Amino acid sequence: MKLLLTSSGIANPSIHDALVELLGKPIAESSALFIPTGIYPFPGGGERAWEAIRGEAKSPLCELGWRSLGVLELTALPSIQRDSWVPTLQETDALLVWGGNVLYLSYWMQQSGLADLLPALENMVYVGVSAGSIATTAYNCDAEWNLRFVAPGSDMALESEWALGLVDFALCVHLDNPDPIFEDNSMANIERWAAGVPVPTYAIDDETALKVSGGTVEVVSEGHWRLFTPTTASD
(Lines give C-alpha, C1' and ligand atoms only; values in the text may rest on other atoms or scores of the structure.)
Protein backbone atom coordinates (compact mmCIF):
# COMPACT_ATOMS: atom_id res chain seq x y z
CA MET A 1 0.00 0.00 0.00
CA LYS A 2 1.13 3.49 -0.87
CA LEU A 3 0.20 6.43 1.33
CA LEU A 4 -0.12 10.18 0.99
CA LEU A 5 -0.62 11.57 4.49
CA THR A 6 -1.75 15.18 4.47
CA SER A 7 -2.71 17.75 7.03
CA SER A 8 -5.25 19.52 4.85
CA GLY A 9 -5.83 17.54 1.68
CA ILE A 10 -4.33 18.20 -1.74
CA ALA A 11 -3.52 21.75 -0.75
CA ASN A 12 -0.93 22.76 -3.36
CA PRO A 13 0.67 21.69 -6.67
CA SER A 14 3.50 19.77 -5.00
CA ILE A 15 1.10 17.54 -3.06
CA HIS A 16 -1.04 17.17 -6.18
CA ASP A 17 1.99 15.99 -8.17
CA ALA A 18 2.89 13.53 -5.41
CA LEU A 19 -0.62 12.04 -5.60
CA VAL A 20 -0.43 11.61 -9.36
CA GLU A 21 2.99 9.99 -9.05
CA LEU A 22 1.69 7.49 -6.48
CA LEU A 23 -1.35 6.71 -8.64
CA GLY A 24 0.84 6.19 -11.68
CA LYS A 25 -1.77 7.85 -13.88
CA PRO A 26 -3.86 11.05 -14.02
CA ILE A 27 -6.55 11.62 -11.41
CA ALA A 28 -9.08 11.81 -14.24
CA GLU A 29 -8.32 8.16 -15.01
CA SER A 30 -8.46 7.01 -11.38
CA SER A 31 -11.28 5.71 -9.19
CA ALA A 32 -11.70 6.69 -5.55
CA LEU A 33 -13.68 5.80 -2.44
CA PHE A 34 -14.31 8.45 0.19
CA ILE A 35 -14.52 7.64 3.92
CA PRO A 36 -16.30 10.40 5.89
CA THR A 37 -16.66 8.41 9.12
CA GLY A 38 -14.15 10.26 11.30
CA ILE A 39 -16.04 13.56 11.25
CA TYR A 40 -19.33 12.27 12.73
CA PRO A 41 -18.52 12.63 16.47
CA PHE A 42 -18.15 16.40 16.17
CA PRO A 43 -21.13 18.78 16.25
CA GLY A 44 -22.38 19.27 12.70
CA GLY A 45 -20.36 16.26 11.56
CA GLY A 46 -22.94 15.06 9.06
CA GLU A 47 -23.09 18.47 7.39
CA ARG A 48 -19.30 18.67 7.25
CA ALA A 49 -19.14 15.23 5.65
CA TRP A 50 -21.57 16.38 2.97
CA GLU A 51 -19.52 19.53 2.37
CA ALA A 52 -16.47 17.36 1.75
CA ILE A 53 -18.34 15.07 -0.64
CA ARG A 54 -19.64 18.11 -2.53
CA GLY A 55 -16.11 19.50 -2.73
CA GLU A 56 -16.90 22.54 -0.59
CA ALA A 57 -14.61 21.81 2.36
CA LYS A 58 -11.41 23.76 3.02
CA SER A 59 -9.28 20.69 2.31
CA PRO A 60 -9.41 19.70 -1.39
CA LEU A 61 -10.01 16.01 -1.95
CA CYS A 62 -13.27 14.84 -3.54
CA GLU A 63 -13.36 17.66 -6.08
CA LEU A 64 -10.09 16.77 -7.83
CA GLY A 65 -11.77 15.33 -10.92
CA TRP A 66 -11.77 11.59 -10.18
CA ARG A 67 -12.99 9.25 -12.93
CA SER A 68 -15.39 7.82 -10.37
CA LEU A 69 -16.07 8.58 -6.72
CA GLY A 70 -17.98 6.48 -4.19
CA VAL A 71 -18.57 6.56 -0.44
CA LEU A 72 -17.39 3.83 1.93
CA GLU A 73 -19.20 4.24 5.26
CA LEU A 74 -17.31 2.25 7.89
CA THR A 75 -20.10 2.10 10.47
CA ALA A 76 -22.32 0.26 7.96
CA LEU A 77 -19.80 -2.38 6.91
CA PRO A 78 -20.19 -4.82 9.84
CA SER A 79 -23.84 -5.32 8.82
CA ILE A 80 -23.07 -5.81 5.12
CA GLN A 81 -21.85 -8.94 3.36
CA ARG A 82 -18.16 -8.58 2.58
CA ASP A 83 -18.79 -9.59 -1.03
CA SER A 84 -20.78 -6.37 -1.41
CA TRP A 85 -17.87 -4.04 -0.65
CA VAL A 86 -14.49 -5.80 -0.51
CA PRO A 87 -14.20 -6.36 -4.30
CA THR A 88 -14.99 -2.69 -4.91
CA LEU A 89 -12.29 -1.68 -2.44
CA GLN A 90 -9.76 -4.00 -4.06
CA GLU A 91 -10.41 -2.45 -7.46
CA THR A 92 -10.18 1.15 -6.26
CA ASP A 93 -7.18 3.31 -7.11
CA ALA A 94 -7.42 5.67 -4.13
CA LEU A 95 -8.97 5.51 -0.67
CA LEU A 96 -9.73 9.04 0.55
CA VAL A 97 -9.91 9.07 4.35
CA TRP A 98 -11.36 12.27 5.77
CA GLY A 99 -10.43 13.93 9.03
CA GLY A 100 -12.22 14.25 12.34
CA ASN A 101 -11.80 12.11 15.45
CA VAL A 102 -8.79 9.76 15.28
CA LEU A 103 -10.14 7.52 18.02
CA TYR A 104 -13.56 7.10 16.38
CA LEU A 105 -12.06 6.57 12.93
CA SER A 106 -9.50 4.01 14.12
CA TYR A 107 -12.19 2.14 16.06
CA TRP A 108 -14.45 1.76 13.04
CA MET A 109 -11.57 0.92 10.71
CA GLN A 110 -10.93 -2.04 12.98
CA GLN A 111 -14.56 -2.97 13.63
CA SER A 112 -15.36 -2.88 9.92
CA GLY A 113 -12.45 -5.13 8.98
CA LEU A 114 -10.89 -2.47 6.78
CA ALA A 115 -7.76 -2.19 8.91
CA ASP A 116 -6.94 -5.86 8.32
CA LEU A 117 -7.37 -5.48 4.56
CA LEU A 118 -5.26 -2.36 4.04
CA PRO A 119 -1.74 -3.91 4.16
CA ALA A 120 -2.63 -6.28 1.29
CA LEU A 121 -3.85 -3.49 -1.02
CA GLU A 122 -0.46 -2.90 -2.59
CA ASN A 123 -1.65 -0.96 -5.63
CA MET A 124 -4.07 1.34 -3.84
CA VAL A 125 -3.12 4.81 -2.66
CA TYR A 126 -4.32 5.69 0.83
CA VAL A 127 -4.88 9.45 0.98
CA GLY A 128 -5.34 10.70 4.52
CA VAL A 129 -6.51 14.11 5.69
CA SER A 130 -5.73 15.16 9.28
CA ALA A 131 -7.23 12.39 11.46
CA GLY A 132 -7.27 10.16 8.39
CA SER A 133 -3.50 10.51 8.32
CA ILE A 134 -2.88 10.18 12.06
CA ALA A 135 -4.95 6.97 12.14
CA THR A 136 -2.28 5.16 10.09
CA THR A 137 0.28 5.67 12.87
CA ALA A 138 0.50 3.76 16.14
CA TYR A 139 0.14 6.80 18.40
CA ASN A 140 -2.89 9.07 18.67
CA CYS A 141 -1.62 12.56 19.40
CA ASP A 142 -5.24 13.75 19.69
CA ALA A 143 -6.29 11.21 22.33
CA GLU A 144 -7.13 13.69 25.07
CA TRP A 145 -9.29 15.80 22.75
CA ASN A 146 -10.93 12.74 21.14
CA LEU A 147 -12.05 11.35 24.50
CA ARG A 148 -14.35 14.34 25.00
CA PHE A 149 -16.61 12.97 22.26
CA VAL A 150 -16.90 9.35 23.41
CA ALA A 151 -20.45 8.35 24.36
CA PRO A 152 -20.93 7.30 28.01
CA GLY A 153 -20.47 3.57 28.49
CA SER A 154 -18.71 3.05 25.17
CA ASP A 155 -15.69 0.75 25.04
CA MET A 156 -14.18 3.05 22.46
CA ALA A 157 -12.20 4.85 25.16
CA LEU A 158 -10.08 1.76 25.79
CA GLU A 159 -6.55 2.18 24.43
CA SER A 160 -7.43 5.68 23.20
CA GLU A 161 -3.77 6.63 22.80
CA TRP A 162 -3.25 4.05 20.05
CA ALA A 163 -4.12 4.01 16.37
CA LEU A 164 -3.59 1.41 13.60
CA GLY A 165 0.20 1.23 13.36
CA LEU A 166 0.39 0.92 9.57
CA VAL A 167 3.53 3.09 9.54
CA ASP A 168 6.49 3.19 11.91
CA PHE A 169 6.38 6.88 12.81
CA ALA A 170 4.07 9.29 14.62
CA LEU A 171 2.41 12.30 13.04
CA CYS A 172 1.02 15.63 14.23
CA VAL A 173 -0.86 17.82 11.76
CA HIS A 174 -2.09 21.42 11.42
CA LEU A 175 1.23 22.71 12.73
CA ASP A 176 0.94 26.38 13.79
CA ASN A 177 -2.53 26.67 12.23
CA PRO A 178 -4.01 29.99 13.45
CA ASP A 179 -7.53 28.57 13.82
CA PRO A 180 -8.42 28.55 17.56
CA ILE A 181 -9.46 24.89 17.32
CA PHE A 182 -5.81 24.04 16.66
CA GLU A 183 -4.34 26.28 19.36
CA ASP A 184 -2.45 23.35 20.92
CA ASN A 185 -0.69 22.46 17.64
CA SER A 186 2.32 24.69 18.17
CA MET A 187 5.84 23.45 17.48
CA ALA A 188 6.65 23.61 21.21
CA ASN A 189 3.61 21.55 22.21
CA ILE A 190 4.26 18.95 19.54
CA GLU A 191 7.88 18.67 20.62
CA ARG A 192 6.79 18.01 24.20
CA TRP A 193 4.38 15.30 23.05
CA ALA A 194 7.00 13.75 20.75
CA ALA A 195 9.40 13.44 23.68
CA GLY A 196 7.16 10.72 25.11
CA VAL A 197 6.89 8.71 21.89
CA PRO A 198 9.53 6.03 21.11
CA VAL A 199 9.40 6.53 17.33
CA PRO A 200 10.17 9.46 15.02
CA THR A 201 7.44 12.10 14.97
CA TYR A 202 6.67 14.35 12.02
CA ALA A 203 5.06 17.72 12.63
CA ILE A 204 3.53 19.06 9.41
CA ASP A 205 1.57 22.17 8.50
CA ASP A 206 -1.35 22.41 6.09
CA GLU A 207 0.95 22.85 3.08
CA THR A 208 2.88 19.64 3.79
CA ALA A 209 2.31 15.92 3.25
CA LEU A 210 4.20 12.66 3.73
CA LYS A 211 4.56 10.42 0.70
CA VAL A 212 5.14 6.81 1.74
CA SER A 213 6.03 4.15 -0.82
CA GLY A 214 8.19 1.05 -0.64
CA GLY A 215 9.07 1.75 2.98
CA THR A 216 10.48 5.18 2.11
CA VAL A 217 9.08 8.40 3.58
CA GLU A 218 9.39 11.59 1.54
CA VAL A 219 8.31 14.99 2.82
CA VAL A 220 6.40 17.01 0.20
CA SER A 221 6.07 20.60 1.32
CA GLU A 222 5.38 24.15 0.28
CA GLY A 223 5.16 25.12 3.94
CA HIS A 224 7.06 24.08 7.06
CA TRP A 225 7.57 20.90 9.01
CA ARG A 226 9.94 19.22 11.44
CA LEU A 227 11.02 15.70 12.29
CA PHE A 228 11.57 14.82 15.95
CA THR A 229 13.54 11.66 16.67
CA PRO A 230 13.28 9.91 20.06
CA THR A 231 16.72 11.30 20.91
CA THR A 232 16.22 14.91 19.82
CA ALA A 233 12.73 15.05 21.30
CA SER A 234 14.08 14.21 24.75
CA ASP A 235 17.05 16.59 24.65
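The values are calculated or read from the model by the stated rules, or taken from the named source; none is laboratory data. The shown structure was predicted, so the numbers you read here are calculated from the model rather than taken from an experiment. Using ideal geometry, Cβ is built from the backbone for each residue, glycine included, and neighbour counts are taken over all protein chains shown. Ligands, DNA and RNA are stripped out before the accessible areas are found, and what is left, the full protein with its side chains, is counted by its heavy atoms. Shrake-Rupley method; radii C 1.70, N 1.55, O 1.52, S 1.80 Å.
Of all residues in the stretch 177-189, one or more are of a type outside the set (Val, Ile, Thr), within 18 Å of Ser59 (Cβ to Cβ) and touching a strand residue (DSSP E or B) at 6+ places or on another chain (Cβ under 7 Å). Against the numbered list (1) closer than 23 Å to Trp162 by Cβ; (2) assigned to a loop (DSSP other than H, G, I, E, B); (3) of a type outside the set (Asp, Glu), Gly223 comes up short only at (1).
Condition test on Pro200, is it surrounded by fewer than 23 Cβ atoms within 10 Å (Cβ to Cβ) and either touching a Gly at 6+ places or on another chain (Cβ under 8 Å) or farther than 30 Å from Leu89 by Cα (or both)?
The answer is yes for Pro200.
Taking the criterion of being surrounded by 15 or more Cβ atoms within 10 Å (Cβ to Cβ), among the small types (Gly, Ala, Ser) and modelled with pLDDT under 95, the residues of the stretch 156-193 that qualify are Ala157, Ser160, Ala163. For the stretch 68-77, check the following and say yes or no: at least one residue is touching a strand residue (DSSP E or B) at 6+ places or on another chain (Cβ under 7 Å) and not aliphatic (A, V, I, L, M). Yes, because at least one residue in the stretch 68-77 is touching a strand residue (DSSP E or B) at 6+ places or on another chain (Cβ under 7 Å) and not aliphatic (A, V, I, L, M). Scanning the stretch 28-44 for residues that are surrounded by fewer than 18 Cβ atoms within 10 Å (Cβ to Cβ) and either in a helix (DSSP H, G or I) or of a type in the set (A, V, I, L, M) (or both) yields Ala28, Glu29. Only residues that are closer than 18 Å to Cys62 by Cβ and within 17 Å of the chain's Cα centre (by Cα) were counted in the stretch 24-50, giving 12.
So, Asp205, is that one modelled with pLDDT of 95 or more and of a type in the set (D, E, K, R) or not?
On the way: modelled with pLDDT of 95 or more: yes; of a type in the set (D, E, K, R): yes.
So Asp205 passes the test.
Hey, does the stretch 72-82 have a residue that's under 17 Å from the mean Cα position of the chain (by Cα) and of a type in the set (Lys, Arg)? No, that holds for no residue. Inspection of the stretch 105-117 finds no residue satisfying the criterion of being at pLDDT below 95, part of a helix (DSSP H, G or I) and of a type in the set (A, V, I, L, M).
With respect to Pro87, is the statement that it is out of contact with any Phe, Trp or Tyr (no Cβ under 9 Å at 6 or more places or on another chain), over 21 Å from Leu3 (Cβ atoms) and open to solvent by 30 Å² or more (accessible area, probe 1.4 Å) true? It is true that Pro87 is out of contact with any Phe, Trp or Tyr (no Cβ under 9 Å at 6 or more places or on another chain), over 21 Å from Leu3 (Cβ atoms) and open to solvent by 30 Å² or more (accessible area, probe 1.4 Å). For the stretch 154-175, the set of residues classified as assigned to a loop (DSSP other than H, G, I, E, B), under 13 Å from Asp142 (Cβ atoms) and touching a residue at least 24 places away in the same chain (Cβ under 8 Å) consists of Ser160, Ala163, Val173, His174, listed by residue number. Which one is modelled with the highest pLDDT, of the residues in the stretch 45-64 that are open to solvent by 40 Å² or more (accessible area, probe 1.4 Å) and outside any helix (DSSP H, G or I)? The qualifying residue modelled with the highest pLDDT is Glu56. Take the conditions in a strand (DSSP E or B), modelled with pLDDT of 95 or more and either open to solvent by less than 50 Å² (accessible area, probe 1.4 Å) or among the aliphatic types (A, V, I, L, M) (or both) and apply them to Leu77. Does it pass? So Leu77 does not fit the description; no.
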